[in-house]
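Below is one structure; the comments refer to it alone.
Read-outs: derived from the displayed coordinates by stated rules, not from any lab. Given the structure is predicted, the values throughout are model-derived calculations rather than measurements. Positions of Cβ are generated from backbone atoms using ideal geometry, with glycine treated the same way; all protein chains shown enter the neighbour counts.
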Amino acid sequence: MKKTIRLLLLLAVLGLVGASAALHPILPMRLVGGIAFLLSVTLLASFTRFFSLRYWRQGSCGILSGGPEPGAWAPDFILKTTEGRFVSLRDLRARKPVALVTGSYSCPAFRGSSGRLEELHSRYGDRVAFLILYTVEAHPEGSQRPYSGSGGKKAAGRNRDDGIFVTQPQKYEERVKTAAQCRDALSLDITVAIDDMDNQVWVAYGSAPNAAYLIDRRGKVIARHGSFHPPTFEESIKRCLSGLAPIKWT
């Protein structure tokens, strides 16, 4: 994300320089300026997701759109798990810090990181409460994705390669069934809580397909990832358990 922003800024500067040079009295300078300006405009226009209202409202794959930042209070929730029991953030954090990771079966990033997530659970589960928030399907088959961006075709290809053809659930019972299928297929021992069909918890936590939050026992966010990265998340866990100041990964 930061590299993309830097590229966009570079292209914008190139465009301004080109526009200025286009007014130069010397013809070769005007030609060079015009070419630079047209090139910058063409390249900027190729970043279609940055000009999508939907992108800014819901976020692109791996990008948080809102959600609590480090130091802010984590939104509380009560949801049902795949086993049919209720789980609440307040109850979990009353005993331990909470590692909350969002995901869905049709999200290749979530599937790819699930093994490392289970490793963290095995390593720290006695001191940290791990919870997966099962959300809207990131890359469903045969229905519209909730995310804009250019990664959709690649994700769809990954799903086909993995033999995963998940449609977007239209009813809560369907989402529960898909979440249970995901849990079993990925051999997840971590509790899976299922968001309601209004997706309020998913939206409250930034609407990203594979975000991760570390929440302390007071209910404040210690660290968050727009896209879950196990090594840096583990570092945040270690610092939390050691009483060190957090590194505010975002």
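With 29 Å as the limit, the listed pairs 96/153; 154/177; 153/220 have 96/153; 153/220 beyond it between alpha carbons.
Among rounded, prolate and oblate, which fits the range 101-250 when a ≥ b ≥ c are the square roots of the eigenvalues of its C-alpha gyration tensor, a/c under 1.5 means rounded, and a/b larger than b/c means prolate? Prolate shape, in that a/c is at least 1.5 and a/b is the bigger ratio. The calculated FRET efficiency for the pair residue 173 and residue 127, based on their C-beta separation and a Förster distance of 51 Å, comes to about 0.90. Annotation: amide H-H contacts under 5 Å for residue 223 (H modelled 1.01 Å from N, sequence separation of 5 or more, or interchain): 214. Partners of residue 80 within straight-line reach, counting aspartates and glutamates whose Cα lies under 12 Å from its Cα and excluding those fewer than 8 residues away in the same chain: 173, 195, 196.
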